[in-house]
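Q: For reference, the structure I am asking about is given below.
Each reported figure results from applying straightforward, stated rules to the coordinates on display, with no laboratory input. It should be emphasised that the depicted structure is a prediction, and the values quoted were computed from it without experimental measurement. Positions of Cβ are generated from backbone atoms using ideal geometry, with glycine treated the same way; all protein chains shown enter the neighbour counts.
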């Protein structure tokens, strides 16, 4: 008895398709949404982990990472002092040697 092979392919991850296609605008919105969700739920541990992990994705677009860093920086005025310093330290480690923010 022959069995039919499934031609069903799993849906690509939300971040994977725009990143591989070189779509900085879509990838930037995805990264911003990820950090927004972490901030809105006050999950600062997850926020720090994502700040570190997302720019390391192979082939991550610099413009998308720049949008994410700018979004996280917009959260800083509303954070308590110790959390703010912790997030700033994380941003400094991630952006060291790179130019993401220009005046």
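Q: Could the peptides 60-68, 78-86 be put in order, highest first, of the mean number of other beta-carbon atoms found within 10 Å of their residues?
A: 60-68, 78-86
Q: Counting C-alpha atoms alone, how compact is segment 21-95: give Rg to one decimal and Dmax as a whole number, in angstrom.
A: Considering segment 21-95 through its Cα atoms, Rg and Dmax are 11.7, 39 Å.
Q: Going by the alpha-carbon gyration tensor, a ≥ b ≥ c the square roots of its eigenvalues, is segment 27-67 rounded (a/c under 1.5) or, if a/c is not under 1.5, prolate (a/b greater than b/c) versus oblate?
A: Since a/c reaches 1.5 but b/c is at least a/b, the shape of segment 27-67 is classed as oblate.
Q: Give me 26, 74 sorted ascending by neighbouring Cβ count inside 10 Å, so fewest comes first.
A: Fewest to most other Cβ atoms nearby, the residues stand as 74, 26.
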